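What follows is a single structure, written as structure tokens, with notes after it.
The values are calculated or read from the model by the stated rules, or taken from the named source; none is laboratory data. Since the model is a prediction, treat every value here as computed from it, not as a measurement. FYI the Cβ positions are ideal-geometry reconstructions off the backbone, even for glycines, and counts take in every protein chain you see. Quick note on the areas: whole protein, heavy atoms, side chains included, nothing else; ligands and nucleic acids left out. Shrake-Rupley method; radii C 1.70, N 1.55, O 1.52, S 1.80 Å.
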Amino acid sequence: LKKATQVYPASKIFAMLADTAVYTRNQKSRAEALLEMAALTERLGLEQVCVPSKALPSVGAYVAERDVSVRNAALDCLVAAHQTLGERLWKHLQKLEQKEKDMVEARLRKTK
């Protein structure tokens, strides 16, 4: 996947990974897709790989996931998005419950 961004547009790879995260039932595949989405976001910036208003709410939904690896991968993806967007990230995560918002805030404090 890392080499695929040299051939295909990063936005297409990001969309494919987002679809994989949504439609797979395998938690390991879901976590790997989210981690690669985070890596793309860190490398290229959020605006280069997706439309934040569409991608971030779906990534934010995985913060409530029971599986630890999926939850951590979603948090990593949101941290990478925060590096690009800053505080505008919260505008896209309005549907999160307070518990999930606290987890995102704790991860953001830890990575600063």
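Among the residues of segment 61-112, those identified as of a type in the set (Gly, Ala, Ser) and farther than 20 Å from Ala21 by Cβ are Gly86, Ala106. Just so you know, in segment 18-54 the residues that are more than 24 Å from Lys91 (Cβ to Cβ) and hydroxyl-bearing (Ser, Thr, Tyr) include one that is most open to solvent (accessible area, probe 1.4 Å), and it is Tyr23.
Quickly run through segment 83-112 and pick out the residues that are outside any helix (DSSP H, G or I) and either in contact (Cβ under 8 Å) with a residue 60 or more places away in the chain or crowded, with 16+ Cβ neighbours inside 10 Å (or both).
Step one: of segment 83-112, the residues outside any helix (DSSP H, G or I) are 93-97, 112.
Matches in segment 83-112: Leu93, Leu96.
Taken over segment 61-77, the criterion of being open to solvent by 60 Å² or more (accessible area, probe 1.4 Å) and assigned to a loop (DSSP other than H, G, I, E, B) is satisfied by Arg66 alone.
For segment 66-106, the set of residues classified as farther than 10 Å from Leu34 by Cβ and of a type in the set (Gly, Ala, Ser) consists of Ala80, Ala81, Gly86, Ala106, listed by residue number.
If I filter segment 27-50 for residues that are touching a residue at least 24 places away in the same chain (Cβ under 8 Å), of a type in the set (Gly, Ala, Ser) and in contact with a His (Cβ under 9 Å, 6 or more places away or on another chain), do I get at least one hit? No, because not a single residue in segment 27-50 is touching a residue at least 24 places away in the same chain (Cβ under 8 Å), of a type in the set (Gly, Ala, Ser) and in contact with a His (Cβ under 9 Å, 6 or more places away or on another chain). Residues of segment 38-55 include none that is under 22 Å from Lys101 (Cβ atoms), of a type in the set (Asp, Glu) and over 11 Å from the mean Cα position of the chain (by Cα). Out of Ala80, Ala10, Ala15, one residue alone is under 10 Å from the mean Cα position of the chain (by Cα), open to solvent by less than 60 Å² (accessible area, probe 1.4 Å) and free of Cβ contacts under 8 Å to residues at least 60 places away in the same chain. It is Ala80.
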